[in-house]
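Undergrad: Quick one: the structure is below, and I'll ask about it shortly.
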Amino acid sequence: MAYAAFRSIGAYAPSKVLSNDDLAKMVDTSDEWITKRTGIKERRIAANDEFTSDMGMKAAEKAIERSGLDKSEIDMVICATISPDYFCMPSTATIISTKLGLGNVTAFDISAACTGFVYILSIAKAFIESGMKKNVLIIGAEKLSAITDYTDRATCILFGDGAGAAIISATDNKDEAIIDIHTGADGQFADLLMSPNGGSGSFHDTLEQEATSCFMQMKGNETFKVAVKTLTKDVVEILKENNIQSSDIKHFVPHQANLRIIKAVGDALKLEDEQVVLTVEKYGNTSGASIPMAINDIYESGRLQAGELMLLDAFGGGLTWGSALVPFSPLK
Ligand code: COA
């Protein structure tokens, strides 16, 4: 049987920084309020002519180079995004694969909001274990600034742009394999976090409505409570089912939505500070890109070494959630 190994990571963050002080000039908020309630100090914003696919391509180039694979060996591309280049078609994954010059590959997007990266990891694992694919490029890429209402102080302080990518490859060596992935969803909570317009479920009378139709809306306080409960339950279960103690985790890589949510889950698991990976301060919430951007951060700072065990944990619109036990298994 083939196993799925997490071979490499790459990420890209646009150069433009939007600080809390910048936002305080746009809406009624302050650096103090944002820092205290979210832990976010700044976020990155893509240029007008910089698309989700451009950021995804740059992250993917790094992941491919670090994997040691030739581009021709990649046989599938999956992109997790809620801010695709085009809402209906073509998929952002097909655009990225063409920009990378990958030729004829299977390519598609999935929509699972901030849980997107854990979902595409599970899809890559399943395709590899079934023997259908050998080297899968997975990408979380978001231009959330394109779907953020910068007059709404409840949401515009939270989100940023960026991309992260990884190569998942077949291996015979069970020690290198992704151990387990959990994914879940419950549409009962759909209205907590959504872009209520812009799809076949909405109708627009005016062009103005159309233009703002994809903006995200959120019931922040309720989302916060469900997030802490769901994230904690999910990681406790995946550790228990796999007989792994939280002290065995080298890097806990949670979705970077809010420092208080991350701390609450970390405390529930009795994790030490050095186990918890944090990028929320500098990137804010980049939805499907947040986990791979955080993994890239520990990789580029030399903190992520071969064989070390990561616990990924995500939560987002849908509602969706997921967790994964993933050893870092680069080719020697
Ligand atoms: N600046 C200043 N004040 C703000 C503000 C801002 N940016 N946004 C909201 N407020 C105000 C509210 O109007 C409210 O004022 P009131 O008491 O006079 O009515 C007060 O602050 C408290 O609002 P509330 O929404 O209860 O704050 P909160 O402590 O829940 O923090 C969030 C708001 C959004 C930071 C928090 O709810 C959160 O992070 N939720 C989860 C978000 C998330 O993770 N989403 C993504 C999941 S993937």
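Undergrad: For Ala80, enumerate residues with amide H under 5 Å from its amide H, sequence gap 5+ or separate chain, H modeled in the peptide plane.
TA: Long-range HN contacts for Ala80: Ile110, Ile139, Gly140, Ala141.
Undergrad: For the chain, with a Gaussian network of springs between Cα atoms less than 10 Å apart, report the residue from Asn48, Asn258, Asn104 with the top mean-square fluctuation.
TA: Asn48
Undergrad: Report the extension gain between Glu274 and Leu309 in nm, rounded to one decimal, defined as 0.36 nm multiplied by the number of residues separating them, less their alpha carbon distance. List each step's numbers first, then the result.
TA: Numbers: separation 35, 0.36 × 35 = 12.60 nm, distance 1.37 nm.
The Glu274-Leu309 span can extend by a further 11.2 nm.
Undergrad: Per the helix-only calculation at 222 nm, which mean residue ellipticity applies to the chain, given -39500 (n - 2.57) for every DSSP H run of n ≥ 4 and division by its residues, nearest 500 deg cm²/dmol?
TA: When only DSSP H runs of four or more count, the value is -9500 deg cm²/dmol.
Undergrad: At what distance in nm do the modelled label points of Glu241 and Tyr86 sit from each other, each positioned 7 Å from its Cα along Cα→Cβ?
TA: 3.8
Undergrad: Still on this structure: Using θ = phi - 60° and the Karplus relation 6.51 cos²θ - 1.76 cosθ + 1.60, list the HN-Hα couplings for the range 111-127 in order, rounded to whole Hz, with x at every Gly or Pro.
TA: 10, 9, 6, 5, 8, x, 5, 5, 4, 6, 5, 5, 5, 4, 4, 5, 4
Undergrad: Enumerate the amide H contacts of Lys134 below 5 Å, restricted to partners 5 or more residues apart or on another chain; note that Pro and chain-start residues carry no placed amide H.
TA: So Lys134 has HN proximity to Asp75.
Undergrad: Take the alpha carbon atoms of the range 119-138, find their center, do the same for the range 233-268, and report the distance between the two centers in whole angstrom.
TA: Answer, in whole Å: 24.
Undergrad: Let me ask something additional. Send over a whole-number figure in Å² for the accessible area per residue of the chain, probe 1.4 Å.
TA: Values: 14630 Å² over 332 residues.
For the chain, the per-residue accessible area is 44 Å².
Undergrad: List the equivalent ellipsoid semi-axes of the chain in whole Å, largest first, each obtained as the square root of 5λ for an eigenvalue λ of the Cα gyration tensor.
TA: Working: eigenvalues 171, 113, 66 Å².
Those come to 29, 24, 18 Å.
Undergrad: Still on this structure, I have one more. Using Cα-only point scatterers and the Debye equation, what is log10 of I(q)/I(0) for the range 172-302 at each q in 0.11, 0.16 Å⁻¹, rounded to two decimals?
TA: Each listed q corresponds, in turn, to -0.53, -0.96.
Undergrad: Of all the accessible heavy-atom surface of the range 16-155, with the other protein chains kept in place and a 1.4 Å probe, what percent is carbon and sulfur?
TA: Working: 3190 of 6170 Å².
In the range 16-155, the share of accessible area belonging to carbon and sulfur is 52 percent.
Undergrad: ³J(HN,Hα) across the range 286-303 via Karplus (A = 6.51, B = -1.76, C = 1.60, θ = phi - 60°), whole Hz, x for Gly/Pro?
TA: Along the range 286-303, the couplings run 10, 6, x, 8, 5, 5, x, 5, 6, 4, 4, 4, 6, 5, 6, 8, x, 8 Hz.
Undergrad: State which entries of Lys71/Lys174; Lys58/Lys332; Lys58/Lys143; Lys250/Lys270; Lys134/Lys174; Lys16/Lys143 exceed 20 angstrom in Cα-Cα distance in the structure shown. Walk me through the numbers on the way to the answer.
TA: Values: Lys71/Lys174 25 Å; Lys58/Lys332 24 Å; Lys58/Lys143 14 Å; Lys250/Lys270 13 Å; Lys134/Lys174 15 Å; Lys16/Lys143 13 Å.
From Lys71/Lys174; Lys58/Lys332; Lys58/Lys143; Lys250/Lys270; Lys134/Lys174; Lys16/Lys143, over 20 Å: Lys71/Lys174; Lys58/Lys332.
Undergrad: Cα-based Rg of the range 244-332 per 2.2 N^0.38 Å, rounded to two decimals?
TA: Values: Rg = 12.5 Å, N = 89, 2.2 N^0.38 = 12.1 Å.
This ratio for the range 244-332 stands at 1.03.
Undergrad: So what is the relative contact order of the chain, in percent, for Cα pairs below 8 Å that sit 6 or more residues apart? Each step should come with its number before you reach the end.
TA: Numbers: 811 pairs, mean separation 89.0, N = 332.
Relative contact order for the chain comes out at 27 percent.
Undergrad: Amide H neighbours of Phe159 under 5 Å, counting only residues 5+ apart in sequence or on other chains, H built in-plane at 1.01 Å?
TA: Correct list: Asn285.
Undergrad: What ranking of Trp33, Trp321 comes out by heavy-atom accessible area, probe 1.4 Å, highest first? All intermediate terms of the calculation are to be shown ahead of the outcome.
TA: Numbers: Trp33 110, Trp321 60 Å².
From most accessible down to least: Trp33, Trp321.
Undergrad: May I ask for the percentage of alpha-carbon pairs in the range 5-139 that lie more than 18 Å from each other? Mind showing how you got there, number by number?
TA: Working: 5468 of 9045 pairs.
So the pairs more than 18 Å apart make up 60 percent of the total in the range 5-139.
Undergrad: Identify all aspartates and glutamates with a Cα-Cα distance to Lys133 below 12 Å; exclude those on the same chain that are fewer than 8 residues away in sequence.
TA: Lys133 reaches Glu73, Asp75.
Undergrad: Separate question: What ³J(HN,Hα) values, in whole Hz, does the Karplus curve 6.51 cos²θ - 1.76 cosθ + 1.60 give for the range 219-230 when θ = phi - 60°, with x put for Gly and Pro?
TA: So the Karplus estimates, Gly and Pro as x, are 9, x, 5, 5, 4, 3, 5, 5, 4, 4, 5, 5 Hz.
The values are calculated or read from the model by the stated rules, or taken from the named source; none is laboratory data. Quick caveat: nothing in here was measured; it's all calculated off a predicted structure. All Cβ positions, even for glycine, are placed from backbone atoms using ideal geometry, and neighbour counts span all protein chains on display. Accessible surface areas use protein heavy atoms only, side chains included; no ligands, DNA or RNA. Shrake-Rupley method; radii C 1.70, N 1.55, O 1.52, S 1.80 Å.
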